[in-house]
Amino acid sequence: MAQAARPRRVLVTGGASGIGLAVVRAFAEEGDFVVSLDLTESSAASESVIGDVRESKSHEQAVATASKGEGLDVLVVNAGIHDGGLGLHSDVDELMAGLHSVLDIDVIGYVLALRAAASDLAAGSGTAILTLSDASFLAGQTGAGIAYTAAKHAQVGILMWAARALAPAVRVNGVAPGGVITGLCAIDKDGSKPLFADAESKRELVASRNPLGTVLEPEEVAQLFVWLASTAARGMTGQIIRPDGGLALR
Ligand code: NAD
């Protein structure tokens, strides 16, 4: 008789909201042990580590909680913020603050997650999946400003580098959605505010921009993470799935 698969040990950064929360829920529904690292608790995680992805000790604590010293099966590097369309017209202080805020979380936070998890992933023959964005490819066409666009391009480099460096033990892939209506926050000089505050008009804008006219729900995007973590994707590393309604065809 075939042995039942044990629950996988999964860590998701930014698992308290939006795409990350849907990913946490999707793996939990598969029967996995899922830990979220976020500023607040995740309603769907087996355990939440409250921490900041800009700090390596938060990642180390999250990896230890998820792996229980026995290796990590899946790392989802996802926590991020947007820049709300920051441009070169911005006042220099605003531009510098925006660059530092976004790059610290969206670039350094991604590297710190991979660094903290690398040996536990290798021990568990695990897989890492990064949340990228249509802004990783389409500069200036998706409402993203210079900081978010730079960060999302940098994440492609991080993914490719890590896929090469961590092979053959660990597969590293990415999912780059188009607009998904979530709690994603944009930073500006007054702090952070929801990017999709007017969800209905944002939904129409996202749909009007892509050839398929799609606006995916976080739950639909999450299924791609589950698939990338499965044995069906065992031949894939350094790959990026782009559920963006065909934006590249425009
Ligand atoms: P979200 O705001 O709903 O989720 C992001 C999560 O990251 C939040 O729970 C937030 O608390 C957490 N986070 C932010 N800064 C953090 C920090 N310093 N330390 C710990 N946690 C922190 O937004 P989302 O849309 O689900 O975004 C998730 C990822 O998806 C991001 O990387 C984003 O760039 C990417 N993405 C989003 C869209 C979209 O349209 N929503 C499209 C493409 C890619």
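The values are calculated or read from the model by the stated rules, or taken from the named source; none is laboratory data. Since the structure is predicted, the reported quantities are computational estimates derived from the model, not experimental observations. All Cβ positions, even for glycine, are placed from backbone atoms using ideal geometry, and neighbour counts span all protein chains on display.
In table form, for the structure just shown:
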item: Segments classed as strands (runs of 3 or more DSSP E), wholly inside segment 152-250, with at least 3 members that are in contact with a Lys or Arg (Cβ under 9 Å, 6 or more places away or on another chain); result: 171-175, 185-188
item: Matching residues in segment 71-87 - criterion: being more than 16 Å from the chain's Cα centre (by Cα), of a type outside the set (Gly, Ala, Ser) and at pLDDT 95 or above; result: Leu72, Asp73
item: Failed condition for Gly98, given (1) more than 19 Å from Pro194 (Cα to Cα); (2) in contact with a helix residue (DSSP H, G or I) (Cβ under 7 Å, 6 or more places away or on another chain); (3) not acidic (Asp, Glu); (4) not in a loop (DSSP other than H, G, I, E, B); result: (1)
item: Inter-residue pairs, beta-carbon under 6 Å, first farther than 14 Å from Val102 by Cα and in segment 51-62, second more than 6 Å from the ligand (Cβ to nearest atom) and part of a helix (DSSP H, G or I), 6+ apart; result: Gly51/Ser58; Ser56/Leu112; His59/Leu112; His59/Ala113; His59/Ala116; Glu60/Ala116
item: Matching entry among Val34, Val53 (being among the aliphatic types (A, V, I, L, M), more than 12 Å from the ligand (Cβ to nearest atom) and within 24 Å of Leu184 (Cα to Cα)); result: Val34
item: Segment 227-246, subset out of contact with any strand residue (DSSP E or B) (no Cβ under 9 Å at 6 or more places or on another chain) and within 25 Å of Ala207 (Cα to Cα), residue surrounded by the most Cβ atoms within 10 Å (Cβ to Cβ); result: Asp244
item: In segment 112-128, the residues that are part of a helix (DSSP H, G or I) and buried (at least 17 other Cβ atoms within 10 Å of the Cβ); result: Leu112, Ala113, Leu114, Ala116, Ala117, Ala118, Asp120, Leu121
item: First in segment 167-183 and at positive phi, second anywhere and not in a loop (DSSP other than H, G, I, E, B) and not β-branched (Val, Ile, Thr), Cβ under 8 Å, 6 or more apart; result: none
item: Residue that is more than 10 Å from the ligand (Cβ to nearest atom), without any contact (Cβ under 8 Å) to a residue 60 or more places away in the chain and buried (at least 24 other Cβ atoms within 10 Å of the Cβ), where the choices are Ala44, Ala28, Ala66; result: Ala66
item: Selected residue (criterion: surrounded by the most Cβ atoms within 10 Å (Cβ to Cβ)) from residues of segment 129-150 that are among the aliphatic types (A, V, I, L, M) and free of Cβ contacts under 8 Å to residues at least 60 places away in the same chain; result: Leu130
item: In segment 1-25, residue nearest to Leu103 (Cα to Cα) [restricted to those that are among the aliphatic types (A, V, I, L, M) and more than 12 Å from the ligand (Cβ to nearest atom)]; result: Leu11
item: Subset of segment 1-25 (residues that are without any contact (Cβ under 8 Å) to a residue 60 or more places away in the chain and either more than 19 Å from His82 (Cβ to Cβ) or out of contact with any strand residue (DSSP E or B) (no Cβ under 6 Å at 6 or more places or on another chain) (or both)); result: Met1, Ala2, Gln3, Ala4, Ala5, Arg6, Pro7, Val24
item: Of residues in segment 142-151 being aliphatic (A, V, I, L, M) and in a helix (DSSP H, G or I), the one farthest from the ligand (Cβ to nearest atom); result: Ile146
item: Checklist (1) over 26 Å from Ala122 (Cβ atoms); (2) at pLDDT 95 or above applied to Ala233, failing item; result: (1)
